[in-house]
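Everything below concerns the one structure shown next.
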Amino acid sequence: MSQVKLNGSCLCSAVSYAIEGDAVAFNHCHCGRCRKATGTGHASNILMRPSSVQWTTGKDLLTRYKVPDADRFATVFCSRCGSLMPRIAPDGSLAVIATGTLDHEPEVFPERRIFRGSRAEWSCTDAELPAFDAYPPGT
């Protein structure tokens, strides 16, 4: 992919970050763990090899949960509001950025769906649904 610099924050703005490095992939992951962690039909994550990671505020508010039987899966989140935050591999070699936490549109775009076979029946399909810029009329 390309070199990116990403800035983001949690819902309550107590935690913020800046990460720079080489983007490896931008995936929509449909695995059961990602669905449980996000409460959605898929997780949208940018994977990158970080050259620098800076927690600009709230690093002490981060909580990490590692799924005991998982080789790689973990979550990092704000202990105040629960927003997922970037998780950095213990050796610093890889960062997984929950794209919804970005403060600006990234310079990269999703390139694939992974664990598509685990997709929930009701989750994203190629079928078109009505779209609204805000709440639909009457709600």
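The values are calculated or read from the model by the stated rules, or taken from the named source; none is laboratory data. As the structure is a computational prediction, the values presented were derived from the model and not from experiment. Ideal geometry is used to build each Cβ from the backbone, glycine not excepted, and the neighbour counts take in all protein chains shown.
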When you check Arg64 against the structure, is it among the charged types (D, E, K, R) and touching a strand residue (DSSP E or B) at 6+ places or on another chain (Cβ under 8 Å), yes or no? yes
Considering only residues that are surrounded by fewer than 20 Cβ atoms within 10 Å (Cβ to Cβ), touching a helix residue (DSSP H, G or I) at 6+ places or on another chain (Cβ under 9 Å) and within 25 Å of Gly32 (Cα to Cα), which ones fall in the range 93-113? Gly100, Pro110
In the set Asp60, Asp91, the lone residue that is over 22 Å from Phe115 (Cβ atoms) and assigned to a loop (DSSP other than H, G, I, E, B) is Asp91
Failed criterion for Ala134 (all others in (1) aliphatic (A, V, I, L, M); (2) out of contact with any Leu (no Cβ under 9 Å at 6 or more places or on another chain); (3) surrounded by 13 or more Cβ atoms within 10 Å (Cβ to Cβ); (4) over 15 Å from Lys5 (Cα atoms) hold): (3)
Could you check Val76 against (1) β-branched (Val, Ile, Thr); (2) under 14 Å from Asn27 (Cα atoms); (3) in a strand (DSSP E or B) and say which number it fails? (2)
For the range 44-73 the number of residues that are surrounded by 12 or more Cβ atoms within 10 Å (Cβ to Cβ) and at pLDDT below 90 is 2
Consider the range 16-40. How many of its residues are in contact with a Phe, Trp or Tyr (Cβ under 7 Å, 6 or more places away or on another chain) and either modelled with pLDDT under 95 or part of a loop (DSSP other than H, G, I, E, B) (or both)? 5
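The rows are residues; the columns are (1) of a type outside the set (A, V, I, L, M); (2) in contact with a strand residue (DSSP E or B) (Cβ under 9 Å, 6 or more places away or on another chain); (3) at positive phi; (4) surrounded by 15 or more Cβ atoms within 10 Å (Cβ to Cβ).
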position: Ser2; (1), (2), (3), (4): yes, yes, no, no
position: Leu11; (1), (2), (3), (4): no, yes, no, no
position: Val15; (1), (2), (3), (4): no, yes, no, yes
position: Ala23; (1), (2), (3), (4): no, yes, no, yes
position: Gly39; (1), (2), (3), (4): yes, no, yes, no
